[in-house]
1. Just checking, does the stretch 68-80 include any residue being surrounded by 14 or more Cβ atoms within 10 Å (Cβ to Cβ), at pLDDT below 90 and more than 18 Å from residue 35 (Cβ to Cβ)?
2. Determine the pairs where a residue that is surrounded by 12 or more Cβ atoms within 10 Å (Cβ to Cβ), located within the stretch 93-104, has a partner that is assigned to a helix (DSSP H, G or I) and not acidic (Asp, Glu) with Cβ atoms under 9 Å apart, the partner being 6 or more residues away or on another chain.
3. Pick from the stretch 39-54 the residues that are surrounded by 22 or more Cβ atoms within 10 Å (Cβ to Cβ) and in contact with a helix residue (DSSP H, G or I) (Cβ under 7 Å, 6 or more places away or on another chain): which of them is farthest from residue 7 (Cα to Cα)?
4. Considering only the stretch 82-97, I want to know if a residue exists there that is more than 25 Å from residue 22 (Cα to Cα) and out of contact with any strand residue (DSSP E or B) (no Cβ under 9 Å at 6 or more places or on another chain).
5. Kindly indicate whether residue 89 is among the aromatic types (Phe, Trp, Tyr), surrounded by 14 or more Cβ atoms within 10 Å (Cβ to Cβ), at negative phi and in a loop (DSSP other than H, G, I, E, B).
6. Just for the stretch 55-67: of the residues that are touching a helix residue (DSSP H, G or I) at 6+ places or on another chain (Cβ under 7 Å) and surrounded by 16 or more Cβ atoms within 10 Å (Cβ to Cβ), which one is nearest to residue 88 (Cα to Cα)?
7. Could you list, in sequence order, the residues of the stretch 38-75 that are part of a strand (DSSP E or B) and either in contact with a Lys or Arg (Cβ under 6 Å, 6 or more places away or on another chain) or in contact (Cβ under 8 Å) with a residue 40 or more places away in the chain (or both)?
8. Just need a number here: residues in the stretch 1-37 that are in a helix (DSSP H, G or I), surrounded by 16 or more Cβ atoms within 10 Å (Cβ to Cβ) and modelled with pLDDT under 90.
Amino acid sequence: MIPEALKTKLKENWCEDDTALYKKAIVRLYDPTSTWECYLIAMDKEEQDVLCIIHPHKHAPYEFTGWTIGELSYLYNENGEGIQIDDEFVPCQASVIMKKMEKEYNVT
């Protein structure tokens, strides 16, 4: 699902606390049929866990959380399509992404 080059960058960001918010999100995953999006910040060396910002839909708050790669790989939209990697995403500091979401969607 995630190319090896991006996995390497995500592993370099790994930490076990909220300092990840001061690091850059490397990958943006999204559902093209909705406003669901997920910004991957870091991945553990075993490639099991990720730290990410998830924004489930337009009127819901974002969530800074830990997920597993398995959980992400099993996400599908109502059309049965899997989530996609945004190939045009430019890495951005996680805290900046959250501030943008607060302003754009008026949620926290």
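1. Checked against the condition, which is being surrounded by 14 or more Cβ atoms within 10 Å (Cβ to Cβ), at pLDDT below 90 and more than 18 Å from residue 35 (Cβ to Cβ), the stretch 68-80 yields at least one hit.
2. Final answer for the pair search is 93/21; 93/22; 94/20; 94/21; 94/22; 95/21; 95/22; 98/21.
3. Pass one, the stretch 39-54, residues surrounded by 22 or more Cβ atoms within 10 Å (Cβ to Cβ): 39-43, 50-53.
Still in the running and in contact with a helix residue (DSSP H, G or I) (Cβ under 7 Å, 6 or more places away or on another chain): 39-43, 50-51, 53.
Working: 39: 13, 40: 10, 41: 10, 42: 9, 43: 7, 50: 10, 51: 12, 53: 17 Å.
Top of the filtered list is 53.
4. No, that holds for no residue.
5. yes
6. Looking at residues that are touching a helix residue (DSSP H, G or I) at 6+ places or on another chain (Cβ under 7 Å) and surrounded by 16 or more Cβ atoms within 10 Å (Cβ to Cβ), I get 55.
7. At the first step, the residues of the stretch 38-75 found to be part of a strand (DSSP E or B) are 38-43, 49-55, 63-68.
Correct list: 38, 39, 41, 43, 50, 53, 55, 64.
8. The total comes to 2.
The values are calculated or read from the model by the stated rules, or taken from the named source; none is laboratory data. From a predicted model like this one, the values you see are computed outputs, not experimental measurements. Here Cβ is always computed from backbone atoms with ideal geometry, including for glycine, and neighbour counts include all displayed protein chains.
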